[in-house]
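Comments concern the structure below.
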Amino acid sequence: MVHRPDLRPSYPTSSVIGQHTSGLNGLVALTAAIAMLSISGCGGAPKQAQSVLSADKINLKDRCLLLTTNDSEAHFDGRKEGRPPALKYVGTITRIAAEKKRLLRQRKGAVLLVSAGDVLQGRYMARTDKDRKRAAKEAWLMYERAGYDVGVLGNHEFDAGPGVLRHAMAALKTFRIVTSNLDPASPSLDNRDGKLYSTTLIKTCGGLRIGFFGLLTPSTRVISDFGDTRMSHPNDPINTPARLAVAALRKQRVDVIVALTHLGYEKDRKLAREVRGIDVIVGGHSHTLLKEWKKVGETLVVQTGERFGHLGYLELVGRKGGGLITAKSSWRAQAIDRNLPRDPAVARSLQDFRGAYAPERVVGERTVPWSLRGAGRKPYGRRVARAVTAHLMRRYRVDGAILNMGGLRTNTVYPKGPVTDLEIRAIHPFGNRLVRLTATGAQLRQILEQACTKGHRGKLGERVALHGITMRCDGQRAAIAYTKKDGKVIAVASPGARVQDLRIAGMPVDLKKTYYIATNDYMARGGSGYWLMTQLKRACADETDFKINRCKSSPTLADVVEESVKQGSFDGPLHR
């Protein structure tokens, strides 16, 4: 059977969750002859329904298909099926690799695979030999083997510090990173020669000159181990570098400008409103799955969810030197499932990568479901805070616990049944270690004011897991404000007043009394904006000096949860 060149991606029709094609009637009239063909995937995969449009109706040279993912977080295995020892994985990146190759066979030189950040995280960062540099390097190379062409840095790329990130990125050859708001003279990520990453990048795709630039969320400075890395414009880390990048790309006469951003959906929309000249924003960070693109002014905004759950198909139709033709462009998001075949070579590489990890072990029984989705994470977080408090109380006096909700991952609901060690470590992938703070009631109140500020998705709420402490947030009152220098907090500018009815052990907090609070080393270093914790006395769970060794010998949250599960106490009833 002879195939004509495919001008739009084909999809398993049961897996496509949305399509947005502007000017649909005109496009239908332009491509009236549509033939429905079937192709069979390798390895016995289900057949796919493929729509092929007449090649003589639209100029192939003016089309580029961007395949997009964001916040994949090295979630290479995908959804699990079964239990050890009969555990199987549905697979994700192997299917993306096969899909790109399939489309390239139909549209040579007209397909690019891009990432909107957060490629590193989770299980594949924790080798049995504890070599984080090697783990990060192997993870980046897995994306490269799968055919990724362009990506932007995300905050999780810095989880082990900029030194590890540099080591990993230096191994890349064909997967190019474009990030436009970092200072190239940053010591650990010295990029003055432009070899580590690009500020702007031009790729020819389907005859179009696509100009890329990238924006990393400025919150990386407080939510990850940013180290000695600096933003290029610390007082305006988004708009100024974006305008400079757009101007630089326009001077090079690109046809379409694409921003790869790791900012979050709301900030993407703000960027589109405030910076002119961006044709498309392919976003990440907020883990938003957009069924239809969002048009803001003349800019299209898309995002593809998280963890290889979906693959975005963004068809860019442009004209030479004339920008994007929105009326002929389109956007779809497709579930990555068994309807997509695997790439055998990438599957073999992944199997080798997986071999560096210990077999999954059952460590106990789950007597209640664990939800790690949305607001459902709160009960699980409270259980973790309770386990942390109980562990530290063996050595210290502890009045309560405060943990950041952002440290709880996977976005999965775990049913009753066996608990495995890898499940626990997937939920707690950061290796955060136990710390005890000494604070007055007044200091504690201001620390918790940070929990009543807006998160990166723009929502107010009690964004912490607590044990022994109760409070409520009043979003109508004044929020805490900070004084910053070069984008970093140096002092409290004005105290907040949102924390209401703050209690410990059911009693109102005495502002002058001293309290002892359990937390983790990430928050104790000021992570997630908790700068005030850096001003307090901090003690490691192993009784070593926090400032000298950062609690490197203290147990991690995952260690404590596993211990509590083994003891059978983790799922006990929760009480306020």
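The set of residues in the range 118-153 that are more than 23 Å from R342 (Cα to Cα) and at pLDDT 95 or above comprises V152, L153. Picking from residues in the range 107-139 that are within 24 Å of G355 (Cβ to Cβ) and of a type in the set (G, A, S), the one that is nearest to the chain's Cα centre (by Cα) is G122.
The condition of being among the charged types (D, E, K, R), in contact (Cβ under 8 Å) with a residue 40 or more places away in the chain, under 28 Å from A185 (Cα atoms) and not in a helix (DSSP H, G or I) holds for only one of D236, D225, that being D225.
Residues that are assigned to a loop (DSSP other than H, G, I, E, B), surrounded by 24 or more Cβ atoms within 10 Å (Cβ to Cβ) and at pLDDT below 95 occur in the range 308-318; there is at least one.
Being out of contact with any strand residue (DSSP E or B) (no Cβ under 7 Å at 6 or more places or on another chain) and without any contact (Cβ under 8 Å) to a residue 60 or more places away in the chain holds for only one residue in E298, E266, E306, and it is E298.
Close contacts from the range 374-399, counting a first residue that is farther than 17 Å from A426 by Cα and a second that is at pLDDT 90 or above and part of a helix (DSSP H, G or I), with Cβ to Cβ under 7 Å and a gap of 6+ residues or different chains, come to A387/V560; A387/V561; A387/S564; V388/L557; V388/V560; H391/V560; V398/T389; V398/L392. Listed by first and then second residue, the pairs with beta-carbon distance under 6 Å, at least 6 apart or on different chains, first residue in the range 536-553 and among the aromatic types (F, W, Y), second outside any loop (DSSP other than H, G, I, E, B) and surrounded by 18 or more Cβ atoms within 10 Å (Cβ to Cβ), are F546/R538; F546/C540. Screening L372, L422, L408 for residues that are under 20 Å from the mean Cα position of the chain (by Cα), farther than 27 Å from C473 by Cβ and either surrounded by fewer than 23 Cβ atoms within 10 Å (Cβ to Cβ) or not assigned by TED's automatic domain parsing to the domain that holds Q476 (or both) leaves exactly one candidate, L422.
Here are some residues: T299, T288. Which one is crowded, with 21+ Cβ neighbours inside 10 Å, in contact with a Phe, Trp or Tyr (Cβ under 6 Å, 6 or more places away or on another chain) and hydroxyl-bearing (S, T, Y)?
T288
The set of residues from the range 182-215 being touching a strand residue (DSSP E or B) at 6+ places or on another chain (Cβ under 6 Å) and touching a residue at least 60 places away in the same chain (Cβ under 8 Å) comprises K203, C205, G206, L208, I210, F212, G214, L215.
Report yes if some residue within the range 132-150 is without any contact (Cβ under 8 Å) to a residue 12 or more places away in the chain, of a type in the set (K, R) and either under 26 Å from A245 (Cβ atoms) or not in a strand (DSSP E or B) (or both); otherwise report no. There is at least one residue in the range 132-150 that is without any contact (Cβ under 8 Å) to a residue 12 or more places away in the chain, of a type in the set (K, R) and either under 26 Å from A245 (Cβ atoms) or not in a strand (DSSP E or B) (or both).
The values are calculated or read from the model by the stated rules, or taken from the named source; none is laboratory data. Predicted, not measured: the structure shown is a model, and the values here were computed from it. Virtual Cβ from ideal backbone geometry, glycine too; neighbours counted across all protein chains shown.
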